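Notes follow once the structure below has been shown.
The values are calculated or read from the model by the stated rules, or taken from the named source; none is laboratory data. Owing to the predicted nature of the structure, the values given are computational and were not obtained by experimental measurement. Note that each Cβ is placed from the backbone with ideal geometry, even for glycine, and that neighbours are counted across all protein chains shown.
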Amino acid sequence: MDGLAMGESAYGDPLKAEELGPAGPRAAGVVWDLGFIEPSAAAAREHLAHTVQKAKTFAARWEGKLGGADAATWARALGELGAISNAFRAAASYNGLRLAENSLSTVNQDLDAYVNRESVQFENVTRFLELDWKALPSARAKALARDPALARYRHYLERLLEDAPHTLSAVEERALAERSPAAESAWESLFHETLSGIVVDFDAGEGVRKHTIDEILAYRMSADAALRGRAVTALFAALEPWKGVLAKCYDSLVGDRLAIDRLRGYVDASGAPLPMQQANVANDLSDAVVSTMMKAVEDHYSVVQTYYRRKAALLGVKQLTFEDQYAPIGTPKPCTYDEARSLVLAAVGSFSKSAASILEKFFTENRIDAEPRKGKTGGAFCSGVAQDKKPVVLMNFTDTINDAMTLAHELGHGLHFSLAQKAQTPFECETGMAMAEVASTFNEMLLFDYLLEREKDPAARQALIASRIEESCATIFRQTMMARYEERAYAAREHGESLGADRLSDIWFEENQKEFGDALSLPQGYRLGWAYIPHFINTRFYTYSYSFAHLTSLALYAKYKAEGQPFVAKYLDLLRTGGAKSPEDLLRKVGIDITDPAWVEPAFALISRWTSQL
Ligand SMILES: [Zn+2]
């Protein structure tokens, strides 16, 4: 990979590649060793059974006895539950990781069935603690949460109290839970089964064969313009006959969710449901912060439009069409796994030596599974395993620079987990959705800048910059646009309008047109673009947290560029705090005030600067 200073290490203690042995092409031989979690599937089963037994003993000792307890007693109970949860989480994570490395193994499938059964039991046995806490008289609970003896659990306990007014009586909660399989879950299943049943007969050049929707969508990144165009036309045609049933699933879910919002008191002063509030509470963000952010993103749709006009010029067309939206720009260079390892460690090392040495251990302790294999899950993830264990990374490395970015991304999660797990309790070591993608995106930024500083080849630079912008635009603007679409759908339903396919298509198309303006022409077929997005069905308003996290990462990165080294300690402190503070408090400590609409400006400035470099 010429043009790049391969193997250059900006931190003190460079990785000795010969100690690890070189990885083969496509990371052949790079397989994780999960032995530090559990020695075997049999041992994991034994640990799970033992832990459920311990949980029962714990419940027998504490259930119904915490009502009048003092702070020190609550702290003792929480400490015990934390230790039991850690043991359970470790064995359960071990199961999930084994299944991800090979879903075809019968041993792994059996372990999974066992874990699923035990998990329900474990939850049922330990749930009382949260319920007992929520049942305390509000003033008493608030005073206890402020007691120094409970300082390490404060944020967790206070968040439970926020949730308390929306929790119904035990009988009502049970009734809702028991009807769920025939109500909410049934509509979700019908949607997913319908969607996965849609196969598109399509000829990508090797004769007609059946394609899943995801396979068809992947052609949108092809360098072949005709293929991209044919693929999207085929997709829209395949969706058309199913739009009615897909819309009906959504309509029923929205109606059901609005009714339950009313029951749970997620309502305004007039008693009308506030459909976003539940998501905002779960994300630990205020309603005002979320609406300010969404409005700010929409006010900057011109940033996306400027990029698409530039892209049209680069592709030599007057106006960008939908089929050209994800057309590749420039020529990316290949990258081997060993190169990616050196690059990521050097990029992170130039930011913080201590962060790089934490990440180096992922390699030396075999906590990364990178080779693509049959039976192994697709995509990539980082698992924290348990608060008292070390995180691991899974990905499928195929020798592209994109894979190096994915490695940086997952190791960003790995750094966040490593720091927070060491500093926080099991109840507060994990952040909510809004902060979960911050460290991962920040790590991508470190690698991106490191590569760009060294890359001299214009076509490779162009590929790097364009994919960075497209990633940011898809995450910041598109995810907010989707949340706005949802908001309008819930409002329509609340005002007595049913969410048929035509109405959903109208709202969807209007919101997309707002985002793209005249910089991208949308075909009529894309009116069905809402139909294949599972987030709307699974978790409402899930998407805006991606926008939030991405904006936050870019704002943090701009701060790092402005402040230099003094920023590093503040950033690592933010990661170390995990979920022990709200995003608003976490970010205020590094000098970002997310109640001020201007907090998003540095992110947009970065994207605009990249666009001008294309
Ligand atoms: Zn991620």
*For the stretch 596-611, state whether one or more residues are under 30 Å from residue 152 (Cβ atoms) and modelled with pLDDT of 95 or more.*
yes
_Could you check the stretch 382-407 and list, in sequence order, the residues that are within 11 Å of the ligand (Cβ to nearest atom) and in a helix (DSSP H, G or I)?_
406
*asked:* For the structure I just gave you, tell me whether residue 361 is within 22 Å of the chain's Cα centre (by Cα), of a type outside the set (Gly, Ala, Ser) and away from the ligand (no atom under 16 Å from the Cβ).
replied: no
_Complete set of residues in the stretch 353-375 that are surrounded by fewer than 20 Cβ atoms within 10 Å (Cβ to Cβ), assigned to a loop (DSSP other than H, G, I, E, B) and not acidic (Asp, Glu)_ = 366, 372, 373, 374, 375
*Check 410, 444, 471 and return the single one that is charged (D, E, K, R), within 15 Å of the ligand (Cβ to nearest atom), in a helix (DSSP H, G or I) and outside the structural domain of residue 348 (by TED's automatic domain parsing).*
471
*Report, ordered by the first and then the second residue, all pairs with beta carbons closer than 6 Å, sequence separation of six or more or different chains, a first member in the stretch 429-449 that is without any contact (Cβ under 8 Å) to a residue 24 or more places away in the chain, and a second member that is outside any helix (DSSP H, G or I) and within 11 Å of the ligand (Cβ to nearest atom).*
none
*Yes/no for residue 346 being farther than 30 Å from residue 515 by Cα and more than 16 Å from the ligand (Cβ to nearest atom)*: yes
_Failed item, numbered, when residue 171 is tested on (1) over 26 Å from the mean Cα position of the chain (by Cα); (2) surrounded by 15 or more Cβ atoms within 10 Å (Cβ to Cβ); (3) among the aliphatic types (A, V, I, L, M)_ = (2)
*asked:* Residues that are among the β-branched types (Val, Ile, Thr): list the helices (runs of 4 or more DSSP H) wholly contained in the stretch 43-145 that include at least 2 such residues.
replied: 71-101, 106-126
*Looking at 436, 420, which one is within 16 Å of the ligand (Cβ to nearest atom), buried (at least 21 other Cβ atoms within 10 Å of the Cβ) and not acidic (Asp, Glu)?*
420
*Pairs, please: C-beta under 7 Å, at least 6 apart or cross-chain, first residue farther than 24 Å from residue 461 by Cα and in the stretch 392-417, second within 10 Å of the ligand (Cβ to nearest atom) and assigned to a strand (DSSP E or B)?*
393/382; 394/381; 413/382; 414/382; 417/382
_Count of residues meeting criterion [outside any helix (DSSP H, G or I) and within 22 Å of residue 468 (Cβ to Cβ)] in the stretch 277-315_ = 1
*Tell me, please, whether a residue that is within 16 Å of the ligand (Cβ to nearest atom), touching a helix residue (DSSP H, G or I) at 6+ places or on another chain (Cβ under 8 Å) and free of Cβ contacts under 8 Å to residues at least 60 places away in the same chain can be found in the stretch 364-380.*
yes
*residue 272 fails exactly one of the following numbered conditions: (1) modelled with pLDDT under 95; (2) buried (at least 17 other Cβ atoms within 10 Å of the Cβ). What is the number of that condition?*
(2)
*Out of curiosity, is residue 270 in a loop (DSSP other than H, G, I, E, B) and either acidic (Asp, Glu) or more than 30 Å from residue 607 (Cα to Cα) (or both)?*
yes
